[in-house]
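J.: What follows is a structure written as structure tokens; I'll ask about it next.
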Amino acid sequence: MFQIDNTYAEEVFRQEVRKKIESISHTTMFWDMKELCRQVSLSETTVKETFFYVEGFPKFRVGKKWLINAIRAEEFLAEWSSRQPNH
């Protein structure tokens, strides 16, 4: 049997949280379609057929290019995916 040093465990946890916060603050603010597809591991066709045109998905056009707010898209997709039927 072993024991865990709670003080050490809390410090490791805090360090990991700090790292995550720093990585979030360094993420890209906007994704293009290619990056969106990479983030969700789906093809552009599948993205467009499933959630891209759902009301509320955070996208806008600049010329011919779609841009997606990365943070809002993550929030949207977390909520949207939780409402999808499990197969």
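J.: Considering only DSSP states other than H, G, I, E and B, which chymotrypsin sites (Phe, Trp or Tyr not before Pro) in region 29-87 qualify as loop sites with at most 10 other Cβ atoms within 10 Å? Don't skip to the end; give the middle numbers.
T.: On the way: sites: 30, 31, 51, 52, 53, 60, 66, 76, 80; in loops: 53.
Hits after loop and neighbour filter: 53.
J.: While we're on this one: Against the longest alpha carbon principal axis of the chain, how many degrees, from 0 to 90 and to the nearest 10, is the axis of helix 70-82 turned?
T.: Its long axis makes an angle of about 90 degrees.
J.: Please identify every one of the trypsin sites (Lys or Arg not before Pro) in the chain that sits in a loop by DSSP and has no more than 16 other beta carbons within 10 Å of its own beta carbon. List each step's numbers first, then the result.
T.: On the way: sites: 14, 18, 19, 20, 34, 38, 48, 59, 61, 64, 65, 72, 83; in loops: 64, 83.
Counting only loop positions with at most 16 other Cβ atoms within 10 Å, the trypsin sites (Lys or Arg not before Pro) in the chain are 64, 83.
J.: What is the fewest-to-most order of 68, 4 by other Cβ atoms lying within 10 Å of their Cβ?
T.: By the 10 Å Cβ count, ascending: 4, 68.
J.: So what's the chain giving for Cα Rg divided by 2.2 N^0.38 Å, two decimals? Walk me through the intermediate numbers first.
T.: Details: Rg = 18.1 Å, N = 87, 2.2 N^0.38 = 12.0 Å.
This ratio for the chain stands at 1.51.
Here, each number is a calculation from the coordinates, and none is a lab measurement. Everything quoted here is computed from the prediction, not taken from an experiment. Here Cβ is always computed from backbone atoms with ideal geometry, including for glycine, and neighbour counts include all displayed protein chains.
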